[in-house]
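> Quick one: the structure is below, questions incoming.
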Number of protein chains: 4
Amino acid sequence: MNSSHPAVDDPIGVAVVGAGYWGPNLVRNFQASTEFRLRWLCDLDVSRAERVLGGYSTVRATDDLAAVLADDSVRAVAIATPAGTHLEVATAALRAGKHVLVEKPLAASFAQGQTLVAEAERRGLSLMCDHTYCYTPAVLRIRDLLRSGDLGELQYLDSVRINLGLVQRDIDVMWDLAPHDLSILDFILPAGVAPVAVAAHGADRIGAGRACVAYLTLHLNTGAIAHIHVNWLSPVKIRTTIIGGSKRTLVWDDLNPGQRLSIFDRGVDVASAEELGDEQRRDMLVSYRSGDMVAPALTEREALRTMVEEYARSIRSGTPALTDGRAGLRVIAILEAASRSLADGGRLVNLTEWTDA
Amino acid sequence: MNSSHPAVDDPIGVAVVGAGYWGPNLVRNFQASTEFRLRWLCDLDVSRAERVLGGYSTVRATDDLAAVLADDSVRAVAIATPAGTHLEVATAALRAGKHVLVEKPLAASFAQGQTLVAEAERRGLSLMCDHTYCYTPAVLRIRDLLRSGDLGELQYLDSVRINLGLVQRDIDVMWDLAPHDLSILDFILPAGVAPVAVAAHGADRIGAGRACVAYLTLHLNTGAIAHIHVNWLSPVKIRTTIIGGSKRTLVWDDLNPGQRLSIFDRGVDVASAEELGDEQRRDMLVSYRSGDMVAPALTEREALRTMVEEYARSIRSGTPALTDGRAGLRVIAILEAASRSLADGGRLVNLTEWTDA
Amino acid sequence: MNSSHPAVDDPIGVAVVGAGYWGPNLVRNFQASTEFRLRWLCDLDVSRAERVLGGYSTVRATDDLAAVLADDSVRAVAIATPAGTHLEVATAALRAGKHVLVEKPLAASFAQGQTLVAEAERRGLSLMCDHTYCYTPAVLRIRDLLRSGDLGELQYLDSVRINLGLVQRDIDVMWDLAPHDLSILDFILPAGVAPVAVAAHGADRIGAGRACVAYLTLHLNTGAIAHIHVNWLSPVKIRTTIIGGSKRTLVWDDLNPGQRLSIFDRGVDVASAEELGDEQRRDMLVSYRSGDMVAPALTEREALRTMVEEYARSIRSGTPALTDGRAGLRVIAILEAASRSLADGGRLVNLTEWTDA
Amino acid sequence: MNSSHPAVDDPIGVAVVGAGYWGPNLVRNFQASTEFRLRWLCDLDVSRAERVLGGYSTVRATDDLAAVLADDSVRAVAIATPAGTHLEVATAALRAGKHVLVEKPLAASFAQGQTLVAEAERRGLSLMCDHTYCYTPAVLRIRDLLRSGDLGELQYLDSVRINLGLVQRDIDVMWDLAPHDLSILDFILPAGVAPVAVAAHGADRIGAGRACVAYLTLHLNTGAIAHIHVNWLSPVKIRTTIIGGSKRTLVWDDLNPGQRLSIFDRGVDVASAEELGDEQRRDMLVSYRSGDMVAPALTEREALRTMVEEYARSIRSGTPALTDGRAGLRVIAILEAASRSLADGGRLVNLTEWTDA
């Protein structure tokens, strides 16, 4: 082994790029992980990086990305800069042979995202998207419940993510908040189930020049429907997702720490549609189950801590992360289609226009 | 005055037609009102009518609608039969010279509704639609707040009305539940503000032959947006409406008796869009108000009681009820447009296709 | 069988005495039951009785209790008059050979209650106390869970029953509201478990001449504790009871219709105290269970309907009702002891001073 | 000025003693404050201190308290060790001329607390008690509302602080949790209003050797009542305080970030008791106000940050902190009286037994 490269079991040298809103969380979690050794915090405004590190840190602050990328002790780079800069920064890092973690969304466009994925795959480097919510205990459990069949087949998913949020300068509320819901949807769906079309409606009533309230409707290849409401203008904060399955229905209320998940054995049973003719279908018996609800015990654990461990696993094993670049790309495909729908008065836009390209 | 007609100040003789789900509520409220004298409860199944009246009542049960309509002591008829029968029953009542109250929706189609409105207007009779929610203390207050300008201009309205509901035999969830939200919207909007287009998405995952989950998006002539989520399959019951105004935002949680209305003086302020160029608009200052919330005291009062009083007022004064036939017609116009949108993959359907007709 | 007495299977003729706050609920439920035939509604103010019956009823209103008690078609009397009159009215009814149902509390004092119980037992008549809450689906389920051992041994019970309530003219908040909690406690406790002492604190800060806020602490013969907070001055309404058992803990939130009962498999496990010496006890291992929560499905059913059926069962079978006069007496014993404690600065008052008498 | 002493405007050198549960929070907040310069983290287990500081810190870890106290650059010491050690550690620090901040409770007994207060006053050093909750935006606002008269005179205070908590080895639930409520009560009461007696009940049903559930009732010199429920065994977490005033009632729900404070203009009005004779008092008119509720906007700010600033202010100004040693002493006086009451079956214990001593 070349002495300039650290041994496999040594902590992975990492640099964080971007000391704004999200960077400090990455700094804190890389520092807390024994898998990583944080080497740099890089920001165009070096004083901002210094403030984030505080007056007691041995980590170096810099505004010189080239120096960071030239540092052999750095094997991995975590990027928390505005989406519009992801292509440039991540490409530079990949070309310098670094594994890359990117804050959501992966890139500012589907085409940019494709470029990054191709670059990483060509070089055999891990490209991971920080879809943080996927690593919460709640979403990990939902994924298990849906993929194991415990909930039955997905019938509908309804997600509301609203509060009084910052009106972003460059992106609308859909690009700001919906990546959370779309990445979660991508993460929990069983193999073979996927969105095929999207329609979006929105409103910019405060004259911000971009939608501050938006509704996305996704049609899945199974006939199921997923609906997402994102809103920057709501004085009340709601983060609730209802997942209706053919066996059980799950409600995830992320603002209720004592009962984040509720699994209802209540619902509507109908005779199988296949067994019935059209006439019969109108008269079929519908029966209602009034069953118990179970709120499973979840271990509280910071999602970023689990995400950072998954990043280490991906780097060390050479296998894709659970939320790899391709997952990030699937999210952007839907966002771009939704933007087109929004511009076209809510027209249902087929996702194959993107994913087949 | 002809002795066979009651004096103006006497109680108004009334008959209820339909002893199913809603009829008993009308029976109870007409009995409790000094404005009315309940004469008949009529149902095709007379034993059902008898059961509703119970073993201690002096009100007559019958299955003979013709006899009811021939009774001169009956001046008003309240119809709580399935929507598909409204045209026939209400037309018969109007032709017999009776004032008519109809359970929502007014009729099974826009054309049928038009027929009823025309018949009532030709005869100078009161045709009222029982849009019950409009008469709750909460909605009456919301109407005042919006029409007085206290909330500012409407920016968005978001309504969620979901629970484990009965899958209806003849109508989908949109025709079952959305009339509540659409009639409320119609009721509270200031003069000159109205929906102009609607798009709808839905899913029938349980093979019921009609949508059990539906989303309606309405675009208003002011640029505002209204969105309605109705769902028969949700194990949790939610009835929450958020009304975002340019000055304040109101949240109506109908399941929280201690705090049904919350009025937030929190929000986003922006420089007027008219004063700014496109360049400036991107950079404009957005400021956040973090103000108090006020939950106004509301007097608890059964909505049907107020509705029944409004019906008496309309009959006695010869003026249209607050929720008259035309209001019922506007609701059906949107429902029909939404049904067409649902069939067309969520296409935005212009409401003038109906209202201009 | 004497022809003047109805056959066993005929509806039981019943009269309601008292047309104030609670009487109308009894009227409605007796009318709805096929087990009973309501004959009279009696009130000193006959016009009040007439208003309660309304303009469409065949039930007779009267202010003549003697006439009611002389009516052979009346086998049972339900009393909903002020507590101070229970002794007189119920004694008259029992002496007339009628079964008697009494609104809580059974009587205005322990001594009065004893007189009633003795009178009923001497005559072999059913004396039932309308402890309505005991007949809610929630409390019936709690009783099953506690008596079956599913919750383990009771460790503590904490009940909060507060809202902005009517300041009563003759009784304090303890006598007004705590009978609910005390009757529930009496109802759910397994055989052999009972309160042995009570302490009470209260405050009359509005100068009403009686406590408007009160706290009762009951010590049980098992070492368990029960605590009751009743309050007429709270602008928020809370009706929550926590029942801590050695195996599971149950939370009953009566204001949450979608999740009235929550059963937690979370708690603290300790090594059995018997196996350990004093030294060890200080160091014993305490382990925490972080288990699931189950909210059992409950059928919604009006408690008074079940209570009325239990009354019929008691009358027809000649066996005591679940909440018979003795249960009512046990509740009064605690109320009297609590009143003495309140007057004595919260002194712990032994219940045997009453129950042994 | 001696060069070995820092200038007044320089950051205050501080050392944290104790790296257990609370110490890390103090470390984080001293590091974030420009008023302080954190010099040491001291713990008997130096590896624990090192783990708290992490692998990137320039702060020194040590197990040598004497060395810390001998360091002239250290002007202040913050103690987060078990209560039983407070006397020894704080005395040593005071004798070394350091200002002292102590985690609640101030000491393990009233006598020990008196010793500390006397020592600090003799030396002119700041002795502050870290009553963290007093520095939350919510409690600071409550203090203003109560002391300004906006709520009127205090009638009752009811506090519930329950959840599944760690069963402590050396103290019962009362000494563990009630210091929060007692320090808040001490902090918000207007001048001249104070508790005069306390009664306590508790239960140790899990055989832990100390109470795991406890109820404290405090009688105030104004006739008002304060009640505190603390509980380690509740699977649900509740932190709600109701403060009933003669003008308004305030509800503080610390677990509801969007609406922590609710101020109700609802209540009961009575004619002044002074104007009425005893006879009249029974018949006086009680009127109910059904007014609005206001939830004031609160700025979110970490309480410890404000506490640390108050500590700096106290040190620099030479004036007592808002929660100084005497405040800590008043809290212990109540805890000791409550412990005696608990041992005496809930006997009402006069607080002058302590405070007069």
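> With respect to the numbered conditions (1) closer than 21 Å to D:GLY245 by Cα; (2) under 17 Å from the mean Cα position of the chain (by Cα); (3) open to solvent by less than 30 Å² (accessible area, probe 1.4 Å), which one is the sole condition not fulfilled by D:VAL173?
It is condition (1) that D:VAL173 fails.
> Follow-up question, since we're still on this one. Just checking, how many residues over the range A:288-304 are away from every other protein chain (no Cβ under 14 Å) and surrounded by fewer than 18 Cβ atoms within 10 Å (Cβ to Cβ)? Spell out how you get there, then give the answer.
So the first thing to find is which residues in the range A:288-304 are away from every other protein chain (no Cβ under 14 Å), and the list is A:302-304.
Those still in the list that are surrounded by fewer than 18 Cβ atoms within 10 Å (Cβ to Cβ) too: A:302.
Qualifying residue count for the region: 1.
> Would you tally the residues in the range A:202-241 being in contact (Cβ under 8 Å) with a residue 60 or more places away in the chain and basic (Lys, Arg)?
2
> Scanning for something of a type in the set (Gly, Ala, Ser), part of a helix (DSSP H, G or I) and open to solvent by 10 Å² or more (accessible area, probe 1.4 Å), does the range D:120-130 turn up at least one residue?
no
> Quick check on this structure: which one of D:ALA78, D:ALA111 is closer than 28 Å to A:VAL27 by Cβ and either in a strand (DSSP E or B) or among the hydrophobic types (A, V, I, L, M, F, W, C) (or both)?
D:ALA78
> If you scan the range D:35-67, which residues turn out to be acidic (Asp, Glu) and either without any contact (Cβ under 8 Å) to a residue 40 or more places away in the chain or buried (at least 20 other Cβ atoms within 10 Å of the Cβ) (or both)?
Result: D:ASP43, D:ASP45, D:GLU50, D:ASP63, D:ASP64.
> If C:VAL27 meets every condition in (1) crowded, with 17+ Cβ neighbours inside 10 Å; (2) more than 10 Å from chain B (Cβ to nearest Cβ) apart from one, which number is that one?
(2)
> State whether one or more residues within the range C:90-101 are more than 19 Å from C:MET174 (Cα to Cα) and within 17 Å of the chain's Cα centre (by Cα).
Let us first name the residues in the range C:90-101 that are more than 19 Å from C:MET174 (Cα to Cα), namely C:90-101.
Checking the rest, the ones that are also within 17 Å of the chain's Cα centre (by Cα) come to C:100-101.
Within the range C:90-101, one or more residues are more than 19 Å from C:MET174 (Cα to Cα) and within 17 Å of the chain's Cα centre (by Cα).
> Identify the single condition in (1) open to solvent by less than 30 Å² (accessible area, probe 1.4 Å); (2) farther than 27 Å from C:SER33 by Cα that B:ALA70 does not satisfy, given that it satisfies every other one.
Status for B:ALA70: all satisfied but (1).
> Regarding B:ARG282, is this residue open to solvent by 20 Å² or more (accessible area, probe 1.4 Å) and modelled with pLDDT of 90 or more?
Numbers: open to solvent by 20 Å² or more (accessible area, probe 1.4 Å): yes; modelled with pLDDT of 90 or more: no.
The answer is no for B:ARG282.
> For A:LEU106, are the conditions met, namely being over 30 Å from D:VAL27 (Cβ atoms), in a loop (DSSP other than H, G, I, E, B) and not basic (Lys, Arg)?
Spelling it out, A:LEU106 is indeed over 30 Å from D:VAL27 (Cβ atoms), in a loop (DSSP other than H, G, I, E, B) and not basic (Lys, Arg).
> Ok, one more. What residue, among those in the range C:176-207 that are more than 8 Å from every other protein chain (Cβ to nearest Cβ) and of a type in the set (Val, Ile, Thr), is surrounded by the fewest Cβ atoms within 10 Å (Cβ to Cβ)?
Out of the qualifying residues, it is C:VAL196.
> Assigned to a helix (DSSP H, G or I), small (Gly, Ala, Ser) and in contact with a Phe, Trp or Tyr (Cβ under 9 Å, 6 or more places away or on another chain): does that describe D:ALA67?
It is true that D:ALA67 is assigned to a helix (DSSP H, G or I), small (Gly, Ala, Ser) and in contact with a Phe, Trp or Tyr (Cβ under 9 Å, 6 or more places away or on another chain).
> Then there is this: The conditions are (1) open to solvent by less than 10 Å² (accessible area, probe 1.4 Å); (2) free of Cβ contacts under 8 Å to residues at least 24 places away in the same chain; (3) of a type outside the set (S, T, N, Q), and B:ILE142 fails exactly one of them. Which is it?
Of everything listed in (1) open to solvent by less than 10 Å² (accessible area, probe 1.4 Å); (2) free of Cβ contacts under 8 Å to residues at least 24 places away in the same chain; (3) of a type outside the set (S, T, N, Q), B:ILE142 misses just condition (2).
> Here are the criteria: (1) within 7 Å of another protein chain (Cβ to nearest Cβ); (2) outside any loop (DSSP other than H, G, I, E, B); (3) modelled with pLDDT under 95; (4) out of contact with any Leu (no Cβ under 6 Å at 6 or more places or on another chain). Tell me which single one C:GLY258 does not satisfy.
(2)
> Only one of these is surrounded by fewer than 22 Cβ atoms within 10 Å (Cβ to Cβ), touching a residue at least 60 places away in the same chain (Cβ under 8 Å) and in contact with a strand residue (DSSP E or B) (Cβ under 7 Å, 6 or more places away or on another chain): C:LEU164, C:LEU154. Name it.
C:LEU164
> Another question about this same structure. Return a yes/no flag: does the range B:123-130 have any residue that is closer than 30 Å to A:VAL213 by Cα and touching a Gly at 6+ places or on another chain (Cβ under 8 Å).
Among the residues of the range B:123-130, not one is closer than 30 Å to A:VAL213 by Cα and touching a Gly at 6+ places or on another chain (Cβ under 8 Å), which makes the answer no.
> Is one or more of the residues making up the range B:317-339 within 14 Å of another protein chain (Cβ to nearest Cβ), open to solvent by less than 20 Å² (accessible area, probe 1.4 Å) and more than 13 Å from the chain's Cα centre (by Cα)?
Looking through the range B:317-339, at least one residue is within 14 Å of another protein chain (Cβ to nearest Cβ), open to solvent by less than 20 Å² (accessible area, probe 1.4 Å) and more than 13 Å from the chain's Cα centre (by Cα).
> OK, next. Would you be able to tell me the number of residues in the range A:208-230 that are open to solvent by less than 10 Å² (accessible area, probe 1.4 Å), touching a helix residue (DSSP H, G or I) at 6+ places or on another chain (Cβ under 7 Å) and within 8 Å of chain B (Cβ to nearest Cβ)?
Total meeting the criteria: 2.
> Please go through the range A:94-124 and give me each residue that is out of contact with any helix residue (DSSP H, G or I) (no Cβ under 6 Å at 6 or more places or on another chain), in contact (Cβ under 8 Å) with a residue 24 or more places away in the chain and not charged (D, E, K, R), ordered by number.
Matches in the range A:94-124: A:GLY97, A:SER109, A:GLN114, A:THR115, A:GLY124.
The values are calculated or read from the model by the stated rules, or taken from the named source; none is laboratory data. What you are looking at is a predicted structure, and each value in this text was computed from that prediction instead of being measured. Don't worry about glycine lacking a Cβ; one is built from the backbone with ideal geometry, like all the others, and counts go over all protein chains shown. For the accessible areas, the whole protein counts, side chains as well, though only heavy atoms, and no ligand, DNA or RNA atoms are used. Shrake-Rupley method; radii C 1.70, N 1.55, O 1.52, S 1.80 Å.
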